[in-house]
Amino acid sequence: MGRIFTFFAVLLALLAPQSAWADSADIDAAARGVVRVVIVGTDGREVYPVSHGSGFAVSPTQIVTNAHVIREALQDDTLRIGVVPSEGDEAAYARPISVSPRNDLALIEISEGALRLAPLTISGSLVGDMGEVSAVGYPMNVDRAQGLDIGD
């Protein structure tokens, strides 16, 4: 009986997911390559937000975002695509390079502004069990939740 219990305990330990802890320096480095992609319009006097999403740098001037984030700017040439880094200190405008609605991915490139981003490292191969991944979105609610407005 004890051997069966030991066998199941070892089997359970082998099958249980292992917790992975990211180094804070890695998180800080990755954060520098994450941006907010903002679709903006203007009434001639003021700039106003239309929609926004997130993106990440794959080169100092190119960002991957979701196709649905920039969809309105693709359909209306009066709207512009803005890029705001995580620090929020400066911003730039971007233009679409490639869009795949089927995969809901878009590649945009900074076209106006001196903003240069730290690209994230992306691996094309699997290295063992990479662990569980979660994604969370905040469609147009994150600013309201934080009490921010367009000037912020």
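None of the figures in this text is laboratory data; all of them are computed from the coordinates on show. Here the structure is a predicted model, which means the values were calculated and not measured.
Which ³J(HN,Hα) values in Hz, rounded to whole numbers, follow from the phi angles of region 32-41 under the Karplus curve 6.51 cos²θ - 1.76 cosθ + 1.60, where θ = phi - 60° and Gly and Pro get x?
Per-residue couplings from phi come out as 5, x, 9, 10, 9, 9, 10, 8, 10, x Hz.
Can you tell me how region 17-93 classifies by the Cα gyration tensor, rounded, prolate or oblate, using a/c under 1.5 as the rounded cut?
prolate
Can you work out ³J(HN,Hα) from phi for every residue in region 64-76, in order, using Karplus 6.51 cos²θ - 1.76 cosθ + 1.60 and θ = phi - 60°, giving whole Hz and x for Gly and Pro?
Listing the rounded values in order: 9, 9, 8, 4, 5, 5, 9, 3, 4, 5, 6, 8, 9 Hz.
What ³J(HN,Hα) values, in whole Hz, does the Karplus curve 6.51 cos²θ - 1.76 cosθ + 1.60 give for region 42-52 when θ = phi - 60°, with x put for Gly and Pro?
9, 9, x, 10, 10, 9, 10, x, 9, 7, 7
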